[in-house]
Amino acid sequence: MKNLFLSAVVATATLASCSTVSSILQNTFPYNATVVVTSGSPANTTLSSVSPAQSINQLTGAGANVKDIRVSNVTMSVGTNASMGVFKSVQVYLSNNGANEVLVASRDAIGDNVGTSLSLDANTTRTLDNLMKSGSVQARIVYVLKQTPASDISLKTSIGFSSVPVTNP
């Protein structure tokens, strides 16, 4: 009887810990998109680049297990040969292959000496369940340059999402 009780306690603890780890993994997940700003791109002109994104099913394999998917943070970074100060403004959109486009983050009036990384103002109020579970999501980066770059700039966008696990009643 003692062994049965001990086995039940161990099994319960194991299941609870697996559920907790699974919940943590499903509640926060990242997405990275990289686009290239080519040398000679004109300054003071609105430009955009598209990077293929992924759905939550591709990111975590468990899209049916989460809901209330929201952007939690967005950062942009460039290589060490450039500065985010070359940009006047940036916006990040997510869409279903160009349809149902949603602005998820932006930053205007970027300072000249901000360095190689910049946190954007994320839209944390909108849920993106239908978009992220659609299966074909893409990121579009819209930007205005202050000056024409002398060499190509690799612009990496990191989007952090938060979600709530779907619980069975």
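The values are calculated or read from the model by the stated rules, or taken from the named source; none is laboratory data. Please read these numbers as outputs of a predicted model, since none were measured by experiment. Ideal geometry is used to build each Cβ from the backbone, glycine not excepted, and the neighbour counts take in all protein chains shown.
A few comments on the model shown:
- Test: residue 83 is among the polar types (S, T, N, Q), farther than 25 Å from residue 164 by Cα and crowded, with 16+ Cβ neighbours inside 10 Å: yes
- Taking the criterion of being surrounded by 15 or more Cβ atoms within 10 Å (Cβ to Cβ) and of a type in the set (Lys, Arg), the only residue of the stretch 145-169 that qualifies is 156.
- Residue among 115, 135, 111 that alone is modelled with pLDDT under 90 and assigned to a loop (DSSP other than H, G, I, E, B): 135
- Within the stretch 158-169, residues that are over 23 Å from residue 138 (Cα atoms) have Cβ atoms under 7 Å from residues that are β-branched (Val, Ile, Thr) in these pairs: 165/66; 166/66, counting only partners at least 6 apart in sequence or on another chain.
- Residues satisfying the stated conditions in the stretch 44-71, i.e. in a loop (DSSP other than H, G, I, E, B) and at pLDDT below 85: 53, 54, 55, 61, 62
- Matching option when the condition is in a strand (DSSP E or B) and modelled with pLDDT of 90 or more, among 75, 124: 75
- Residue in the stretch 105-126 that is surrounded by fewer than 14 Cβ atoms within 10 Å (Cβ to Cβ) and within 16 Å of residue 36 (Cα to Cα) present: yes
- Only listed residue being modelled with pLDDT of 95 or more and either farther than 19 Å from residue 33 by Cβ or assigned to a strand (DSSP E or B) (or both), chosen from 89, 163: 89
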